[in-house]
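Presented below is the structure to which this report refers.
Please treat every number below as a calculation from the coordinates, not as lab data. What you are looking at is a predicted structure, and each value in this text was computed from that prediction instead of being measured. Here Cβ is always computed from backbone atoms with ideal geometry, including for glycine, and neighbour counts include all displayed protein chains.
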Amino acid sequence: MRKIYLDNAATTALRPEVVETMAKVLAEDYGNPSSSHSFGRHARSVIEMARKTIAKNLNCSAQEIIFTSCGTEADNWIIRAAVRDLGVKRIITSKIEHHAILHAVEAVAAESGVEVEYVKILPSGKVDLKDLKELLSREVPTLVTLMHVNNEIGTVLDLHAVGQMCRKAGAYFHSDTVQSIGKERFDLQELPIDFIVASAHKFHGPKGIGFAYVRKGLSLHPMIYGGEQEKGLRAGTEAVHNIAGMARALELSMENLDHDREYVSGLKKYAAEKIKNAFPEAKVNGEDTFYNILNVCFPFDEDKTSMILFTLDMKGIALSRGSACQSGSPRPSHVLAEILAEDDMKKPSLRISFSHFNTREDVDGLIEALSAV
Ligand code: PLP
């Protein structure tokens, strides 16, 4: 059976060059980067070269990159540290953030009493910038945390516009950029933003590694106490092979960006057209969405709805209903709940997410399987 993987917003396949880099580091650079002998120094240089590569690709300084185990960890640290270390008294976020943000904000609010306000989401799935402006007009030390690309529907935040609003209001600005790092060019010298985060497995790198970008001059206390790793901010022996794999994955993603973006955009357009032809009543969720995510509400009745992912899975086709952590769960998507009418919430919405490894044949296979449901 030919397998079709269309769940690239959940995770991506590694590029072969990344596997090669990681295998070499695992086999050869096994010294502890904190050791002062040549084995240690060698492993240390792998880490620092990776940090430089990442910084170069985002146009920031290497000191501003802190390695973490994943995007969730980086998000949690920044939210907690903004309240604990920067004097933040209010967090502005939205109801369509990833749970890495939503649940972290809830926990920090419960612990610290920080005030939380949720900016309005328009029916298009976009953040209501007028409402954000209104919220920011009240002078309270604030952290704004709004994601760049929504992982379920692919709506995009204008980081420039929001960053400028935050600067004007004197608020700190964090964006969960897990879905866009490696798929979009970032110029952090120019972007008015204080914190972003990344996760390597979303851009054809390994799982278990990510990073936080913390703008120079913002002094956060450690997320994990122990040794001196990551300037003492995240103690623990570094996963050298993962760090090297992440840097190589980002480098390759940026080198191939123009080509891959055009190719993947073309695939998404092809899929959208084929779906429209096969299911004229299908509706795309979200407007002006990112080039690799297509979230569609299909006009199927309730018994088909409960079986749809299972049926596709039996045919070797992988995609998601809502976000990956919710698939298989009967709980409706918190993102779709913000933008869809009750009737549409009863129908299956599927997230089809592409990478440069996909082909038109994958799309044809999906449409064929959906037509047979
Ligand atoms: N933020 C967003 C927008 C995501 O899509 C994800 C992963 O699904 C995360 C955070 C969590 O990243 P990680 O899997 O590295 O913890």
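When shorter helices are ignored and each DSSP H run of at least 4 residues is given -39500 (n - 2.57), the per-residue value for the chain at 222 nm works out to -13500 deg cm²/dmol.
Positive end of the dipole of the chain (Cβ unit charges, origin at the Cα centre): among 4, 349, 43, the Cα lying farthest that way belongs to 43.
Coupling constants for region 38-49 follow from the phi torsions by the Karplus curve (6.51 cos²θ - 1.76 cosθ + 1.60, θ = phi - 60°), and in residue order they are 4, 5, x, 4, 5, 4, 4, 5, 4, 5, 6, 5 Hz; glycine and proline get x.
Of 237, 208, 155, which is farthest towards the positive pole of the chain's charge dipole, taken about the Cα centre with +1 and -1 on the beta-carbons of Lys, Arg and Asp, Glu respectively? Going by the charge dipole, the pick is 237. Counting DSSP beta bridges in the chain, what percent are antiparallel, to the nearest 5? Antiparallel bridges: around 50 percent, rounded to the nearest 5. Among the lysines, which fall within straight-line cross-link reach of residue 231, defined as a Cα-Cα distance under 16 Å, with same-chain neighbours fewer than 8 residues apart omitted? Correct list for residue 231: 52, 216. Taken about its Cα centre, the chain carries a charge dipole of about 460 debye when Lys and Arg each add +1 at the Cβ and Asp and Glu each add -1 at the Cβ. Each residue of region 335-342 was assigned a 3J(HN,Hα) from its phi angle through the Karplus expression (A = 6.51, B = -1.76, C = 1.60, θ = phi - 60°), giving 6, 5, 4, 6, 10, 9, 6, 3 Hz with x at Gly and Pro.
Among the chymotrypsin sites (Phe, Trp or Tyr not before Pro) in region 205-250, those located in a DSSP loop and surrounded by at most 11 other Cβ atoms within 10 Å of their own Cβ are 225.
Beyond 25 Å in Cα-Cα separation lie the following of the pairs 207/274; 24/268; 120/283: 207/274; 24/268.
Residues whose amide H comes within less than 5 Å of that of residue 4, counting only those at least five positions distant or on another chain, are 317, 318 (H built at 1.01 Å from N in the peptide plane).
Each Cα pair under 8 Å and six or more residues apart adds its separation to the average, and for the chain the resulting relative contact order is 24 percent.
The Cβ shell under 10 Å around residue 95 holds other residues with a net charge of -1, Lys and Arg each +1, Asp and Glu each -1.
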